[in-house]
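S.K.: Got a structure for you, written out below as structure tokens; questions coming shortly.
The values are calculated or read from the model by the stated rules, or taken from the named source; none is laboratory data. Keep in mind the model is a prediction, meaning the values are calculated, not measured. All Cβ positions, even for glycine, are placed from backbone atoms using ideal geometry, and neighbour counts span all protein chains on display.
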Amino acid sequence: MFKRIAVHLDDDAACTRRVRAAAQVARDHEATLVGIYTSYLPPQYAYDEGIVPDDVYAVLLRRLTDNRKAAHELLQKAARATGVPVQWRAPEGLPAEALARHARSCDLLVLGQSGEDDPESVVTPYFTESIIMTLGRPVLIIPTQGELPPLGRNVMFCWDQGREAARVLADADPVLRRANELLVLSVTSRPVTPAVRDDLHDYFAAHGYPPPQRLIRDGRQSDVGRLILESADERGSDLVVMGAYGHHRLREWVMGGACSAVLRATTVPVLLSH
């Protein structure tokens, strides 16, 4: 079971939706909900960057205080509505680093799909990717659009026999054992041997998961993201579970093609692990 579920609190428009979803998951798993509010206010006196006038800085500081209070109230309201214990964190520092630092002592982090186009958000380019790749904990992405029924009843698990898929298979155990239906999707241009199919079926049975339905889609690497989204839509999945692939480029983490495509376009919650 997930016993501590963190949720990223920001000033973006989708925050309310994300917090409600996180509280719902916390209720389902009888977990504590940990709200982590990240913000960034640059120093008033910055070397070689000039000085922010006192009156302007006072306005920025007051706005930050108001936004922090609103996020706290939103968290408390969601916790009361679902009857879950709640904790509040408002760390200082760069948002990505502060969020990861506190979320590592939780079992799951709930993140938004993206805030890059929202002027109120502190999310910067590659924020989500960086968190997923460096956190060391599974991350649940809540899309900005689409219905949000109870999550994890009809789960689609993406399996390619790789390291990342094996990692998320272990991390998603609390979700998989609660599922009513479990679909295993493999996208490959090569035949899948019966022995490989049997091994995964035996693993699921040993852990008490529902007997998996198998779906094998023929496709190239460049098709994987599209086929994952199409399959989730066709099967009515309420949650996609997949390994997070990526690579480090200079100062940012960049997701692999399939992960990037899913993160950009999904209307279904996605559980990722690296």
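S.K.: Of the residues Pro138, Pro149, which is of a type outside the set (Lys, Arg) and either closer than 24 Å to Arg220 by Cβ or surrounded by 19 or more Cβ atoms within 10 Å (Cβ to Cβ) (or both)?
M.R.: Only one candidate passes the filter, namely Pro138.
S.K.: Against the definition (within 20 Å of the chain's Cα centre (by Cα), farther than 22 Å from Ile5 by Cα and not basic (Lys, Arg)), how does Ala232 come out, yes or no?
M.R.: For Ala232, the condition - within 20 Å of the chain's Cα centre (by Cα), farther than 22 Å from Ile5 by Cα and not basic (Lys, Arg) - is met.
S.K.: What are the residues in region 160-188 that are among the basic types (Lys, Arg) and out of contact with any Ser or Thr (no Cβ under 7 Å at 6 or more places or on another chain), if any?
M.R.: Residues satisfying the conditions are Arg163, Arg177, Arg178.
S.K.: Please verify whether Val241 is over 23 Å from Glu97 (Cα atoms) and either among the charged types (D, E, K, R) or modelled with pLDDT under 95 (or both), treating the condition exactly as stated.
M.R.: So Val241 fails the test.
S.K.: What number of residues within region 181-223 are in a strand (DSSP E or B) and either modelled with pLDDT under 90 or β-branched (Val, Ile, Thr) (or both)?
M.R.: Within region 181-223, residues that are in a strand (DSSP E or B) and either modelled with pLDDT under 90 or β-branched (Val, Ile, Thr) (or both) number 5.
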